[in-house]
1. Within segment 394-447, which residues are of a type outside the set (D, E) and not in a helix (DSSP H, G or I)?
2. Filtering segment 368-393 down to residues that are outside any loop (DSSP other than H, G, I, E, B) and of a type in the set (A, V, I, L, M, F, W, C), which residue is farthest from G431 (Cα to Cα)?
3. Filter segment 216-231 for residues that are within 13 Å of the ligand (Cβ to nearest atom) and either under 21 Å from E294 (Cα atoms) or among the β-branched types (V, I, T) (or both) and give the result.
4. If you scan segment 220-250, which residues turn out to be of a type in the set (D, E) and closer than 21 Å to L297 by Cα?
5. Restrict the check to segment 322-337 and report whether at least one residue is under 26 Å from A249 (Cα atoms), in a loop (DSSP other than H, G, I, E, B) and basic (K, R).
6. Name every residue in segment 128-153 that is under 48 Å from the mean Cα position of the chain (by Cα) and in contact (Cβ under 8 Å) with a residue 24 or more places away in the chain, in order of residue number.
7. Limited to segment 192-215, what total is found for residues that are part of a helix (DSSP H, G or I), within 11 Å of the ligand (Cβ to nearest atom) and among the β-branched types (V, I, T)?
8. Where the second residue is assigned to a strand (DSSP E or B) and among the acidic types (D, E) and the first is closer than 22 Å to S190 by Cα and lies in segment 36-62, which pairs have Cβ atoms under 6 Å and are six or more apart or on separate chains?
Amino acid sequence: MSLRVRFAPSPTGYLHVGGARTALFNWLLARKEDGVFVLRVEDTDQARSRDEHTEAILHGLSWLGLDWDEGPYFQSDGVERHRAAALQLLEEGKAYRDFSDPDEIRAEAERRQKHASRVARERADALPDGEAEERAEAGEPHAIRFRVPAGETRFSDRVHGTMRFGNTDIDDLVILRSDGTPIYNLAVVSDDHEMGINLVLRGDDHLSNTPKQVLLYRALGYPEPEFAHVPLILGADGKRLSKRHGATAVGDYEEQGILPEAMRNFLALLGWNPGDDREVFLEVEELVEAFSSERILKKSSVFDTEKLEWLNGRHLAEMPAGELLDRVHGRLRSVEHADAALLADEAWMTRLVDLLKVRSRTVDELADGALPFVRTELVFEEKAVAKHWEKDPPAAEERMKRLLEVLEDTEWALDPLEEAIRGVADELDVGAGKVIHPLRLAVTGRQSSPGIFQVLVLLGRGRTLERLRNGLERVRAL
Ligand code: GLU
């Protein structure tokens, strides 16, 4: 039987990194085992479900490259089937009608120190034969509760091993509310059965639901799927990951310039490792190959933003510049004083991206590094001006003046430029840095940049000399 897994998000919020991780693990297993990855939107919470959330979730999955083979199915489309399952249980005596007033039941349960649902069951069982049916037919509102059998519920979990739950700790759960709407635990069992799901892999937060669902599978006579519950994701402080720790929506990372390839790589390592020290999986095929549910860790994992950025830098460095162009363009579009001709020059932009991508951790950082190259007016970093010009203006002036003279006669290529600039330093009897720093400041406005010789080559003779001249004027005015 081939593997059938699913991702079943509730559209009550955006795609959270925890949800994305669950989706990814399911997708990886489906791809690895030639299985089927089903997408089901659990939209039965009418009050909190929103179409915009569904869209954001689908968009997030697509962005991450997690394509689904079936769906999206919508849980709300199965309501009739869910109801039929509840009625089947009722008919077979595995569920009962509960006419009681919840407040009254709660008060009685407290007084008698019993589970509220057991009090409800006693009341239901105390009704004379046929009365429940009559009252239901007369239209009296009531819920339907599942009658949890005595004993113990066991199931095996791929991550946690055998799990055992005493049934006395499990409430007689409502499966159909008095307004006729099904409850999550019933809907999920009915849907997973209908969709032929044979492995349910989801977050640990559902672990307490699983015994209830297992009991429902058995009561309905459905074959049980396997289960795998993946551990929680924590923030750096060891607390459950939340907004306090920074962005938790996948879309926020997309906006920040994280690459989907890097995000996927990062999410895969949250609660899983390949068994060796590999961390960078440049190709998704490598990840599919390495992934296995046996290596999902029991203990929770920590969402380390530094690591995400580091991984992103690794993916960025390896990505062909051509593939990054659009994303960089997107970020440079609104820059003031940008040189439109340069931005439109694809070959030149590709060289620029090539130069920057190996030293950037995000696309945003890369785009920021591109600014000095594409701006027609430089923005000078105050700290750099103070350090390399203002501290000793006559020295800076002398070095820049000499550079200007020498560079005017230098062939514009890496080696001759390097030779010329080092020659100026020798001639003035200072270290190369003393010449390079004021020069870099003049041509980029910044303290740091890619290697200066490459920067000059890319800027070209005309722009370099013009910027150097402007810089010299500024230094003279100090
Ligand atoms: N809709 C549930 C959630 O978003 C997931 C249900 C499941 O995976 O069984 O938490």
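1. Applying the first criterion (of a type outside the set (D, E)) to segment 394-447 yields 394-396, 399-404, 406-407, 410, 412-414, 416-417, 420-425, 428, 430-447.
Those that are of a type outside the set (D, E) and not in a helix (DSSP H, G or I): T410, W412, A413, V430, G431, G445, R446, Q447.
2. Step one: list which residues in segment 368-393 are outside any loop (DSSP other than H, G, I, E, B), which gives 368-375, 382-390, 393.
After this cut, where a residue has to be of a type in the set (A, V, I, L, M, F, W, C) as well, the list is 370-371, 373-374, 384-386, 389.
Numbers: A370: 28, L371: 28, F373: 26, V374: 30, A384: 18, V385: 19, A386: 19, W389: 16 Å.
Among residues in segment 368-393 that are outside any loop (DSSP other than H, G, I, E, B) and of a type in the set (A, V, I, L, M, F, W, C), the one farthest from G431 (Cα to Cα) is V374.
3. Result: P225, F227, A228, H229, V230.
4. Taking segment 220-250 first, the residues of a type in the set (D, E) are 224, 226, 237.
Across segment 220-250, the qualifying residues are E226, D237.
5. To start, the set of residues in segment 322-337 that are under 26 Å from A249 (Cα atoms) comprises 323-334.
Going one step further and asking which of them are in a loop (DSSP other than H, G, I, E, B), we end up with 333-334.
From what's left, basic (K, R): 333.
Yes: segment 322-337 contains one or more residues that are under 26 Å from A249 (Cα atoms), in a loop (DSSP other than H, G, I, E, B) and basic (K, R).
6. Hits for segment 128-153 are A136, E140, P141, H142, A143, I144, R145, F146, R147, V148, P149, T153.
7. Of the residues in segment 192-215, 1 are part of a helix (DSSP H, G or I), within 11 Å of the ligand (Cβ to nearest atom) and among the β-branched types (V, I, T).
8. These pairs meet every condition: V38/E70.
All of the numbers you see were taken from the coordinates with simple rules; none came from a lab. For clarity, every value in this text was computed on a predicted model and none was experimentally measured. Neighbour counts run over all protein chains shown; Cβ positions are idealised from the backbone, glycine included.
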